[in-house]
Structure formats: C-alpha cells, structure tokens
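Each remark here refers to the structure printed beneath this line.
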Amino acid sequence: TQTANTNPACSLTALPEGFYWEIGDRDGLRASGSVVGSRTPAATEVIAIASASKWLYSTYVLQKVGSVRTSDIPFLNFTSGTVFPVAMGMKELTCAAGETVAECASSAVERPSAVGKFFYSAGHFQKHAATVMNLGSMSAAALTTELSSVLGMADLRYLQVNLAGGANVSASTYAAFLRRMLGGGLVMSSNLGANKVCASEACVAGAVASPAPPTEGWTYALGHWVEDDPMVGDHAFSSAGALGFYPWVDQTKTWYGIIARRAPSAGGD
C-alpha cells in the first residue's frame with residue numbers, strides 16, 4: 001500500500017491511466033487498492049490482458065492433457081521455431097476479426113534458425129492450438145467456452161483467436177486462477193519454472209527475439225517468465241502484458257500479486 005501510494009514510479013505522473021493492485025495467498029486476498037487515473041479498472045472489470053494470456057493457454061494445455069508432454073514443450077517455451085513472419089507483425093497482437101484458430105495459424109511458418117532457441121512469437125501457440133490441441137475450427141466464442149470451462153474462469157472472453165495475447169478477463173478472476181495455482185489445483189502448479197530456457201541475449205546468442213533487456217538474463221518456462229537474472233531477479237514466475245497487466249507468483253509459491261492497468265498503447269511485455 002505504501003509503495004503504490006508513495007513511490008514515484010506508481011504516480012499518476014508516471015502512469016496517468018492509474019491501476020488496480022492486489023496481493024494474496026492460496027487462501028485469499030490479503031491487500032488491495034487502486035491509484036485512480038483516467039482508465040483505472042475495477043477489480044471485477046473485464047479488460048484486455050495482452051501477453052498475460054500466455055500463462056492461461058499453457059496452463060490450459062497441461063490441464064487438458066493432464067501432464068507435460070515432451071512434444072508440447074517447444075511450443076510452450078517458444079523454441080519450436082514456429083513464428084509469424086516479420087512482415088506480418090500485427091499477427092503477434094491480434095488475429096483478424098472472424099478468423100478461426102487455424103486460419104490465423106496458417107500465417108505461421110518454421111524459421112529453421114530459431115528451432116531449439118527462444119524466439120518470442122505468438123506463432124508457437126497459434127500453430128500448437130490449431131494442429132496439436134485440435135482447436136483449429138474454433139471461433140472466438142468457441143475458444144472462450146473451451147478455455148473458460150477447463151480453467152474455471154467464468155468471465156474469460158476472447159474477442160479474437162490469438163492464444164498468446166487475445167484474452168480478456170477481470171483481475172479478480174485472474175487472481176482466483178493464481179490462488180488455484182498456489183493451492184496445487186492445476187497441473188501447472190507443480191510445473192512452474194519447468195523446462196525453462198534462456199530468453200535473453202545476455203545468456204545466449206543467435207536466433208533470439210525477446211522483449212527482455214539484452215543485459216539481463218531472463219528465462220522462459222511453459223508460457224510464463226521466470227525472473228532469474230542473478231543481479232536484479234527474485235526468481236518469481238510472471239506473465240506481463242503489453243498494456244500493463246502483470247500477474248506473478250513468488251519463488252516459494254506462497255504469494256501472488258496482480259497489477260491491472262489499461263495503458264493506452266503497448267509498452268513492452
């Protein structure tokens with residue numbers, strides 16, 4: 001509460017849209033509040049969460065399958081080499097209105113130089129959903145029904161079919177998802193940080209496309225980051241979105257936190 005209300009990085013000067021925040025454990029919410037700005041969401045308001053969607057899809061896959069299959073790992077930790085071409089950069093953000101999962105995935109191609117190395121692209125998830133999870137024929141409405149039923153997230157909504165960045169959900173519902181994670185109720189609960197790979201130029205050179213600072217050694221696991229940099233990391237698990245929605249679980253799997261923002265434009269995720 002003190003940080004949210006007094007740290008200059010949390011001020012309306014820095015974040016004029018404002019934000020909602022909460023921290024809790026497996027048993028419930030322990031503290032919360034808002035810095036009220038021009039676009040501050042309420043805890044129960046459904047908002048776009050951009051790349052925080054990735055943690056949802058990867059958790060859905062493990063929950064639906066019941067385990068971590070070796071064949072799924074490269075798609076979920078972004079080492080499959082299946083990416084959207086640079087010329088189709090908007091596919092990283094959104095699939096076209098009315099497209100099915102497969103129609104959006106048809107644009108993804110294998111980049112041979114990226115196979116086996118981290119390459120941040122929505123193409124991995126899109127191709128996996130279409131060809132491995134048999135979601136190819138699904139529209140946004142059908143995708144909503146499928147993922148919300150498996151994850152138990154009643155207000156989860158997809159307005160388009162981008163699995164890596166198209167989810168809309170409230171902070172309260174995402175928090176319940178994280179509490180379930182902490183309580184061991186998801187297959188992902190015991191797989192946080194599993195199969196992680198270097199996701200920064202700081203620890204691997206070559207075919208790497210990453211939003212990580214090139215001087216910090218971030219790692220990426222199954223649809224979520226592990227904040228592992230030896231100097232500034234605390235080994236938390238997280239899935240930040242470009243519009244400012246930031247969920248995390250601490251290294252000990254005791255605490256979760258959420259910052260819910262609606263930034264006017266993408267600021268990196």
Pull out the extension gain between Ala142 and Met90, defined as 0.36 nm times the separation in residues minus the alpha carbon to alpha carbon distance; nm, one decimal. 16.5 nm
Mind grabbing the base-10 log of I(q)/I(0) for the chain at q = 0.09, 0.11, 0.14 Å⁻¹? Debye formula, identical points on the C-alpha positions, no solvent, two decimal places. -0.37, -0.57, -0.96
Counting sequence-distant residues (5 or more places) and residues on other chains, those with an amide H built under 5 Å from that of Ser170 are Ile47
Checking Asn134, Asn195, Asn77 against a Gaussian network model of the chain (alpha-carbon springs below 10 Å), the top fluctuating residue turns out to be Asn134
At q = 0.13, 0.15 Å⁻¹, what log₁₀ I(q)/I(0) does a Debye calculation on the Cα points of the range 1-141 give, no solvent, two decimals? -0.76, -0.90
Over all alpha-carbon pairs of the range 1-63, lay out the pair-distance distribution in 10 Å bins, whole %, shortest bin first. 18, 38, 34, 9, 0
Probe radius 1.4 Å, ligands and nucleic acids left out: which of Arg262, Arg26 has the largest accessible area, and how do the rest follow? Arg26, Arg262
Can you give the accessible area of Val86 in Å² (nearest 10), computed on protein heavy atoms with a 1.4 Å probe? 130 Å²
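What GluC sites (Glu not before Pro) in the range 1-76 are in a loop by DSSP, with at most 16 other Cβ atoms within 10 Å of the Cβ? Walk me through the intermediate numbers first.
Details: sites: Glu17, Glu22, Glu45; in loops: Glu17, Glu45.
Loop-located and lightly packed - Glu45.
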The ³J(HN,Hα) series, computed from each phi in the range 230-246 with the Karplus coefficients 6.51, -1.76 and 1.60 at θ = phi - 60°, rounded to the nearest Hz and given as x for glycine or proline, is x, 9, 10, x, 10, 6, 6, 9, 7, 8, 5, x, 4, 8, x, 7, 9
For the chain, find the longest principal axis of its Cα atoms and tell me its angle to the long axis of helix 53-65, 0 to 90°, nearest 10. 60 degrees
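Want the number for Ser149 to Ala9: 0.36 nm per residue separation, take away the alpha-carbon distance, what's left?
Values: separation 140, 0.36 × 140 = 50.40 nm, distance 3.74 nm.
Stretched out fully, the Ser149 to Ala9 stretch lengthens by 46.7 nm.
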Pairing rule first: another cysteine's C-beta must sit under 4.7 Å. Under that rule, which cysteines of the chain stay single? Cys10
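The values are calculated or read from the model by the stated rules, or taken from the named source; none is laboratory data. Since the structure is predicted, the reported quantities are computational estimates derived from the model, not experimental observations. Reconstructed Cβ throughout: ideal geometry from the backbone, glycine too, with neighbour counts over all protein chains shown. To get the accessible areas, we keep the full protein, side chains included, count just its heavy atoms, and leave off ligands, DNA and RNA. Shrake-Rupley method; radii C 1.70, N 1.55, O 1.52, S 1.80 Å.
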